Amino acid sequence: MTAAVATAVVAGVALVVTPAWRLARGWVTLAHELGHAVTAIATEGRVRRIRIRRDTSGLTEWSGEGAARRLPRGFVAWWGHPAPGALALLLAWALAAGHAVLAAQVLAGAVAAVTLVWVRSAWGVVVGLALVGAAAVGAALGTTAALGVGATVAVLWAAGGLRAAASAARGSRRGDGSDAAVLAEVLWLPVGFWAVTMVLVSAAATAGTAALLLDAARP
C-alpha cells in the first residue's frame, strides 16, 4: 500500500510540475467545470453543455433564473477553482477510509455520466474517457491498483487545482471574463479579493489531501 501511494504521489506531482502539465491540466479543467455545473444545479439552474478545449481552457454554459441574479452567478463562478481541491479531498478521504476500489468505481461512473450528458467538445470527451478508463482499470485490478490510480488523481486535482488557481490569480483583471472578474462584477468586491479566497481554499484542500494520503499510505 505504501509503495502504491508513494508512486502515485510522485506521478501526480510530476504531471503538475513537468511539461506533461500541458496535457494533464485537461483533467483539472474537467473538475473545475464540474464545480460550476454542480453549483449551477444547486441554484436551480440547468447545465446546457461543458466544453474543454485542447489548450485546456473550459466553459460551462448554464441557464435558469439564477443566471440573471447576482448571488447565484457569483456562487457558480466562485466554485470553479476550488472544485478540483474539494474533489481531491473527497477522493483522498475515501482512500484513507479503505474504500479504494469503490472510490475508483464511483469515479469512473461519475465521470462517464458527466462526459456523456454534458461534455460537448471532442477534446473534452477524450479527457473524460481517459479518466474513466484509468479509474475502471484500477478498480478491476484490485485494491493496490485502485489506490494508486485514486492517489494519482487526488494529487493531480489538488496540486493542479492550486497551480491553476494561483496562475489565474496572477492574471485576472476586471472585465477579462475570468471567474474572479465575474465575481467582482456581480458581488462588487475587487478581483484580487476573490482570487485570493479561491487560492486559499485550494491550498487548504491540498494540505488536507496530503494528510489523508499519508494516512492511506500507512500499512
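Here are the numbers for the structure shown:
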{"item": "Those GluC sites (Glu not before Pro) in region 1-70 that DSSP places in a loop and that have at most 14 other beta carbons within 10 Å", "result": "Glu44"}
{"item": "Ranked Ile52, Ile41, criterion: other C-beta atoms within 10 Å, fewest first", "result": "Ile41, Ile52"}
{"item": "Kirkwood-based Rg to Rh ratio, the chain, C-alpha trace", "result": "0.97"}
{"item": "Cα-based equivalent ellipsoid of region 103-166: semi-axis lengths in Å, sorted from largest, via gyration tensor", "result": "20, 18, 8"}
{"item": "Added length on full extension, which subtracts the Cα-Cα distance from 0.36 nm per residue, Arg48 to Ala204", "result": "53.1 nm"}
{"item": "Region 2-217, dipole about Cα centre (Lys/Arg Cβ +1, Asp/Glu Cβ -1), debye to the nearest 20", "result": "540 debye"}
{"item": "Fewest-first sequence of Asp55, Asp179, Asp215 by Cβ atoms within 10 Å of each Cβ", "result": "Asp55, Asp215, Asp179"}
{"item": "Separation in nanometres of the label points that stand 7 Å from Cα toward Cβ, at Asp176 and Thr18", "result": "3.0 nm"}
{"item": "Cα centroid of region 56-71 to Cα centroid of region 143-219, whole Å", "result": "20 Å"}
{"item": "Principal-axis tilt of helix 21-42 within the chain, Cα atoms, nearest 10 degrees", "result": "60 degrees"}
{"item": "Rel. contact order, % - alpha carbon contacts under 8 angstrom, at least six apart, region 2-217", "result": "29 percent"}
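A short reminder: the numbers here are calculations on the coordinates, not readings from a lab. Small disclaimer: the values here were computed from a predicted structure and weren't measured. We place every Cβ from the backbone using ideal geometry, glycine too, and count neighbours over all the protein chains shown.
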